[in-house]
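The values are calculated or read from the model by the stated rules, or taken from the named source; none is laboratory data. This is a predicted model, so every value here is computed, not measured. With ideal geometry, Cβ positions are generated from the backbone for all residues, glycine too; neighbour counts draw on all protein chains shown.
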Amino acid sequence: MSALPLPTGGATHVFEIIAVLLALQLIAGRDQIWLPQRWCRIQLAGDKQQAFLTRLMKTIRWLERFSRPRLRVLFDHRLSNAVFGVLVIAFTVAAFLAPPFTGLDTLPSLGVVLLSLAVLLEDIALVITAIVVGSGGVLLEVILGRAAVHGIGSLF
């Protein structure tokens, strides 16, 4: 896989839609990722975006120092790629559905980022970390969402 889908943790749903599109291609078993040419030409510019990208790259380099290929055999199969794609879609949809401005989309989004890195680095330990982080975020979203609905319901 030659791309890194990155849901943005609340900044925009556009990246989440792109992440789902990439995950669907992973599930379908595509070797080359397709995106509309117009999307490929878009530049992330501006001071805030550059600062974010710089911090992100620093974090990725830090993770690469501790990561190493573990159970590499699991990463080059159609079935495992389909499972990774389904996980990306599940965590991305959870981030997409999180109430705005709550921060509840952060952990599912981080799960997608970690899972993407795990696939690129072929590290099962990072896959497990991604699943724990993403699932924890979904669970937190459900628990706090239920509490909010219950709290609002008790007002009426």
Scanning the range 73-101 residue by residue, those over 16 Å from I131 (Cα atoms) and either surrounded by fewer than 12 Cβ atoms within 10 Å (Cβ to Cβ) or in contact (Cβ under 8 Å) with a residue 60 or more places away in the chain (or both) turn out to be V73, D76, H77, R78, L79, F96, A98, P100, F101
Name every residue in the range 130-156 that is of a type in the set (V, I, T) and either closer than 13 Å to L104 by Cβ or under 26 Å from the mean Cα position of the chain (by Cα) (or both), in order of residue number. I131, V132, V133, V138, V142, I143
Across the range 103-113, which residue is surrounded by the fewest Cβ atoms within 10 Å (Cβ to Cβ) among those that are touching a residue at least 40 places away in the same chain (Cβ under 8 Å) and assigned to a helix (DSSP H, G or I)? T106
Pull out all pairs, ordered by first then second residue, where Cβ-Cβ is under 9 Å, the residues are six or more apart or on different chains, the first lies in the range 43-60 and is closer than 17 Å to F15 by Cα, and the second is at pLDDT 80 or above. L56/V113
Checking R65 against (1) modelled with pLDDT of 85 or more; (2) touching a helix residue (DSSP H, G or I) at 6+ places or on another chain (Cβ under 9 Å); (3) not in a loop (DSSP other than H, G, I, E, B), which single condition isn't satisfied? (2)
Any hit, the range 13-36, residues being under 15 Å from the mean Cα position of the chain (by Cα), outside any loop (DSSP other than H, G, I, E, B) and among the aromatic types (F, W, Y): yes
For the range 114-152 the number of residues that are touching a strand residue (DSSP E or B) at 6+ places or on another chain (Cβ under 6 Å) and part of a helix (DSSP H, G or I) is 2
Just checking, how many residues over the range 68-102 are of a type outside the set (A, V, I, L, M), within 24 Å of V138 (Cβ to Cβ) and either in contact with a Pro (Cβ under 7 Å, 6 or more places away or on another chain) or outside any helix (DSSP H, G or I) (or both)? 6
